[in-house]
Amino acid sequence: MNIIPLLTPSEAESRVSLLEMGLDELTEFVKGLGQPAYRARQIWEWIYQRYAADFEEMSNLPQNLRAQLAQQATLSVMTPVVEQVSMAGDTLKILFQLHDGQTIEAVLMLYDKRRTLCISSQAGCAMGCTFCATAQGGLARNLTTGEIVAQVLYFARYLATPGALPMTEVERPSSVTNIVLMGMGEPMHNYKNVWGALRRLTDPGAFGLGARNITLSTVGLVPMIDRMAEEGLQIGLAVSLHAPNDALRTQLVPINKGYPVDELLASVQRYIAKTHRRVTFEYALMKGINDSAELAHELGQKLQPLLCHVNVIPLNPIPDSQFQPSSDEDTERFVEILRGYGISATVRLRRGIEINAGCGQLRRSQSPGTKTREAVAV
Ligand code: SAH
């Protein structure tokens, strides 16, 4: 495992995390160390373009600056504690521990030409969706901008190191090509830090990933969808719908009480009008709950006017849950009915089911505070 030693809480407190700084703040910091401003740009490039894990790697910095940085600053905001690889060798899931002991998950999925990374925006989640493993522990706290960015840098470093990944041999592209905010947490409930991270990840002078290659998935916080429409970044929007009407959606997604289906769809309509971008709806199919032909028709009628795609997700079964995945036949029927309305709909490939690739499941399977430093190949 690509272990970066985690600082003790007191070490972490006495050092500033450079990942929390924009370039302007980093420049001020470097000047405060009595160094010329251009050193900030060099450090910035080491972090975001060469994925340096520590200051010793920054070979074009003078030794005295590297020593000052090591004493006063850090790039290490989390450490991997469990690593799991799927049987097919195409999915790698990591549980990271943060300084305060909280844990979060991120998953890398290898496709032919894509390296898609699914990252977390919060430790835990406050939304309470009844079929979701993350929801069960409630919200611990928001992730900082640096903690969100650090997940991407960690995998970027991993991918860029030949032979490092404990999975299918990775050739080109050896970089993160796509990011989805579909890990733990509700990104719209941590709006400021998430957008701080999105700006850093898309900034051509920093990580420089195309905004179109990033998707933010939300449970449907209507005012935040309107706010996102004003951001002027081409980040993709995915909305977790899971039911076409309020009676059913409120049972599955309790925040539906505050933002009912029709209001949610109206905000998506405004979003499309403003951005001209196609929106994705996620619909996790649960046996006997939301998978009937009748509900598929209701959904088809509601979504027909929208420029959208429906991602039908086979439910990831979670232990002790009343919800089970739908059968293949019912899934196929559901998708066919939607297509009959002219709606683009696909069934999402289930990746890494045997490694608990669903939201929050690895974290839940570890008792709080464990420090397993082992890679688990399943
Ligand atoms: N909070 C955000 C993003 C994180 S969840 C959101 O709600 O969109 C990412 C996606 O996984 C959401 O669509 C969520 O509803 C779905 N999901 C959660 N638990 C699941 C499960 N057990 N099986 C399948 N999908 C699940």
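Using all pairs of distinct alpha-carbon atoms, the Kirkwood hydrodynamic radius of the chain works out to 21.7 angstrom. For E230, E294, the ranking by accessible surface with the largest value first comes to E294, E230, using a 1.4 Å probe. Computed about the Cα centre, the dipole magnitude for region 109-230 is approximately 160 debye when only Lys and Arg (+1) and Asp and Glu (-1) carry charge, each at its Cβ. Sites listed here are GluC sites (Glu not before Pro) in region 139-188 whose DSSP assignment is loop and whose Cβ has at most 16 other Cβ atoms within 10 Å: E169, E171. Across the protein chains, with a 1.4 Å probe defining accessible surface, the residues R141, R66 rank R141, R66 from largest area downward. Its DSSP H runs of at least 4 residues, each contributing -39,500 (n - 2.57), put the calculated 222 nm mean residue ellipticity of the chain at -9500 deg cm²/dmol, to the nearest 500.
Counting only protein heavy atoms and using a 1.4 Å probe, what share of the accessible area of region 195-266 belongs to carbon plus sulfur, as a whole percent? Result for region 195-266: 51 percent of the exposed heavy-atom area is carbon or sulfur. For region 9-74, the Stokes-Einstein estimate of translational diffusion at 20 °C and a viscosity of 1.002 mPa s comes to 181 µm²/s, using the Kirkwood hydrodynamic radius over alpha-carbon pairs.
Taking a 1.4 Å probe, which of M184, M21, M224 shows the most accessible area, and what order do the others take after it? Show your work: numbers first, answer last.
Numbers: M184 5, M21 25, M224 50 Å².
Result, largest first: M224, M21, M184.
Could you give the dipole magnitude of the chain about its Cα centre, charging the beta-carbon of Lys and Arg +1 and that of Asp and Glu -1, in debye to the nearest 20? Mind dumping the intermediate values first?
On the way: 35 positive and 38 negative charges, 121 e Å.
Charge dipole, the chain, about its Cα centre: 580 debye, nearest 20.
Note on the chain: dipole from Cβ charges, positive end direction compared against T134, L315, M182; the farthest Cα belongs to M182. If one computes the Cα centroid of region 176-207 and of region 20-56, what distance in Å separates the two points? Result: 20 Å between the Cα centres. Between the listed residues I225, G205, A345, the Cα displaced farthest toward the positive end of the dipole of the chain, a dipole computed from Cβ unit charges relative to the Cα centre, is found at G205.
Axis of helix 145-160 versus longest Cα principal axis of the chain: the two differ by about 80°, to the nearest ten degrees. Taking 12 Å as the straight-line reach from the Cα of K287, the aspartates and glutamates in range (excluding those fewer than 8 positions away in the same chain) are D328, E329, D330.
Taking 27 Å as the limit for the C-alpha separation, the pairs K257/K302; K274/K302; K192/K302 exceed it in the case of K192/K302.
Residue-wise HN-Hα couplings along region 267-284, as the Karplus relation 6.51 cos²θ - 1.76 cosθ + 1.60 with θ = phi - 60° gives them from phi, are 5, 5, 4, 5, 4, 5, 4, 6, 9, 6, 9, 6, 9, 9, 9, 9, 9, 7 Hz; Gly and Pro carry x. Relative to the Cα centre, the charge distribution of region 10-116, modelled as +1 at Lys and Arg Cβ and -1 at Asp and Glu Cβ, gives a dipole magnitude of about 380 debye.
The values are calculated or read from the model by the stated rules, or taken from the named source; none is laboratory data. Not measured: the values here are computed from a predicted model. So basically every Cβ, Gly included, is an ideal-geometry build from the backbone, and we count neighbours across all protein chains shown. Just so you know, the surface numbers come from the protein's heavy atoms only, side chains and all, with ligands and any DNA or RNA stripped out. Shrake-Rupley method; radii C 1.70, N 1.55, O 1.52, S 1.80 Å.
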